[in-house]
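Chemist: Pasting a structure here, questions to come.
The values are calculated or read from the model by the stated rules, or taken from the named source; none is laboratory data. These numbers come from a predicted model, not from an experiment. A quick note on method: Cβ atoms are made from the backbone with ideal geometry, for glycine too, and the neighbour counts reach across all protein chains shown. Each accessible area value is taken on the protein alone, full model and side chains, heavy atoms only, with ligands, DNA and RNA left out. Shrake-Rupley method; radii C 1.70, N 1.55, O 1.52, S 1.80 Å.
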Amino acid sequence: MMTDVRVPADHRQPYSTAYEQMLEKVRYEGAYPTRERAEEAVRLVLAGLGRQLTGDERVDLAARLPLEAARVLTLQIPDPHPLTGWGFVKDLAARTGGSLATTRWDTGSVFSVVAAHAGPDLITRILGQLPAGYALLFGAELTQVA
């Protein structure tokens, strides 16, 4: 039987300023009530992206993210059968028991901040590697990726 062990807030390792700023941006973009809820979304979505992204795009994205976010991304083993954008959302919802609408919101909130870290050139490369359906999740205009 697993027990839920929580580390008191004053005993946690401090996060880097860059990661704190990333969490605040996600909190703002997603209109989350707490930083903890924003961090939950970041960890969920980046872990999912880590299961989809491979190669130079994965390495380059990790290099542009704060260390804590890069770890979440790179600790995942890429799936040999990448999911479409909609499949990605459905997979995350199934893993968490969340609704599709909430999971889609979380994905868009996190991906918009990830896109800002990555920059348009890397996002274009990432979208070129992933199956269909990710452009809208990243907030990319279809004319940019066509």
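Chemist: Considering only the range 57-83, state which residues are acidic (Asp, Glu) and in contact (Cβ under 8 Å) with a residue 60 or more places away in the chain.
Modeler: We begin by selecting, within the range 57-83, every residue acidic (Asp, Glu); these are 57, 60, 68, 79.
Matches in the range 57-83: 57, 60.
Chemist: Under 8 Å by Cβ, and 6 or more places apart or on different chains, what pairs join a residue from the range 84-110 that is closer than 15 Å to residue 39 by Cβ with one that is outside any helix (DSSP H, G or I)?
Modeler: 106/98; 109/32
Chemist: Starting from residues that are more than 16 Å from residue 135 (Cβ to Cβ) and part of a helix (DSSP H, G or I), keep the ones in the range 73-87 and report whichever is most open to solvent (accessible area, probe 1.4 Å).
Modeler: Step one: filter the range 73-87 for residues more than 16 Å from residue 135 (Cβ to Cβ), giving 73-81.
This time we only want the ones that are part of a helix (DSSP H, G or I), so: 73-74.
Values: 73: 0, 74: 65 Å².
Among those that are more than 16 Å from residue 135 (Cβ to Cβ) and part of a helix (DSSP H, G or I), it is 74.
Chemist: Looking only at residues that are of a type in the set (Lys, Arg) and in a helix (DSSP H, G or I) in the range 35-60, which one is most open to solvent (accessible area, probe 1.4 Å)? Please lay out each step first, then the result.
Modeler: At the first step, the residues of the range 35-60 found to be of a type in the set (Lys, Arg) are 35, 37, 43, 51, 58.
Narrowing further to those that are in a helix (DSSP H, G or I): 35, 37, 43, 58.
On the way: 35: 44, 37: 57, 43: 98, 58: 31 Å².
Of everything passing the filter in the range 35-60, 43 is most open to solvent (accessible area, probe 1.4 Å).
Chemist: Name the residues in the range 84-111 that are farther than 18 Å from residue 50 by Cβ and in contact with a helix residue (DSSP H, G or I) (Cβ under 7 Å, 6 or more places away or on another chain), would you? So that I can check it myself, show each step before the final result.
Modeler: Here is the first cut: in the range 84-111, the residues farther than 18 Å from residue 50 by Cβ are 86, 97-102, 104-105.
Answer for the range 84-111, where residues must be farther than 18 Å from residue 50 by Cβ and in contact with a helix residue (DSSP H, G or I) (Cβ under 7 Å, 6 or more places away or on another chain): 99, 100, 104, 105.
Chemist: Give me the residue from the range 88-111 that is over 10 Å from residue 137 (Cα atoms) and of a type in the set (Gly, Ala, Ser) and, out of that set, surrounded by the fewest Cβ atoms within 10 Å (Cβ to Cβ).
Modeler: 97
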